[in-house]
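Peer 1: Dropping a structure here in C-alpha cells format, bear with me for questions.
What follows draws every value from the coordinates through simple rules; no lab data is involved. Computed from a prediction, not measured in an experiment: that's the story for all the values here. In this analysis, Cβ positions are derived from the backbone assuming ideal geometry, glycine residues included, and neighbour counts consider all displayed protein chains.
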Amino acid sequence: MKLNLLNIDEIKQIYETRMVIDFPKAELKPLKNIIEAVNSGIYECLGLFEGGECIGYTFLVKQDESFLIDYIAIYPDKRNNGVGSQLLRHLYEYLAAAKVVILEVEDPQYAKSAEEKDIQTRRLGFYMRNGCVDTRLRVRCFGVPFIILSLGKENGGEPDFLWDLYNSHYKAVLPKEMYEKILKEYD
C-alpha cells in the first residue's frame, strides 16, 4: 500500500462518489472550498492505493507545521482488515516532521442511540489503539460533539493552545459566516 497526493480530478471523484456517502452532509465542507484550499497550499488530499486502486483517503488542513486530519476513511469493502491501521501508519510517516497533528472523533457520551454509541466507541478505540492520544479538548463542530485526539505519543499541548490551533485550521478553510456558526468548545 502506498499513500499518494491526489490531483484535483481525483479529489473531485472521491468527494462526489465516496465522501458524500462516508460523511453526513452537515459535516462536509463544500468541494469548492476544499479545492480553493488545495490551490492555496493549506490543504492536502491523500489517497491510500493498493495495486493502483484507491482504497482509502485522508484530507488534511495544514497550518505552518501543524495539521488537522479533516477527513479520513477506508472504502467499505476494505474495512476491518487492518487497512485503517495501515493508513494511520503511512500518515504518521508522511507527517513525521509535523509539530502537531490533531483529529476529531465523535464523543460516544452524546450518542443518540445504543447502535450509534457502539460505533462511536469502537471508532474511538481504534484511534487509541493506533497511537492517538486524548488531548482533553472537547469541541462541537457542525453540531457534532467531538473529542480532539493527537496523532502520536504526545497530547499536542495544553487545551487552550489546541483550541486556538483547531480554530485556526477551520478559519483557514471555511467562509467566515460558516465558521462562526459551526465551532464551539464544550466541557
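Peer 1: Below 21 Å Cα-Cα, how many Lys pairs turn up in the range 77-187? Only count pairs eight or more apart in sequence, or on different chains, if you could.
Peer 2: So the count works out to 6.
Peer 1: Hey, in the GNM for the chain with a 10 angstrom Cα cutoff, which one of Leu151, Leu165, Leu68 fluctuates hardest?
Peer 2: Leu165
Peer 1: For the range 2-185, what's the relative contact order in percent, using C-alpha pairs closer than 8 Å and at least 6 residues apart?
Peer 2: Numbers: 264 pairs, mean separation 32.5, N = 184.
Relative CO of the range 2-185 lands at 18 percent.
Peer 1: Place a point 7 Å from the Cα of Lys117 along the Cα-to-Cβ direction; which residues of the range 125-142 have their backbone N under 19 Å from it?
Peer 2: 125-126
Peer 1: Residues with beta-carbon under 9 Å from that of Val144, excluding Val144: net charge, scoring Lys, Arg +1 and Asp, Glu -1?
Peer 2: Details: positive: Arg140; negative: Glu27, Glu104, Glu106, Asp107.
Net charge around Val144: -3.
Peer 1: So what is the relative contact order of the range 73-147, in percent, for Cα pairs below 8 Å that sit 6 or more residues apart? Intermediate results must be reported in sequence, preceding the final value.
Peer 2: Details: 46 pairs, mean separation 19.5, N = 75.
Rounded, it is 26 percent for the range 73-147.
Peer 1: From the P(r) of the range 2-47, can you give the percent of Cα pairs sitting at distances over 13 Å? If you can, show how the numbers build up before the last one.
Peer 2: Working: 576 of 1035 pairs.
Summing the P(r) of the range 2-47 above 13 Å gives 56 percent of all pairs.
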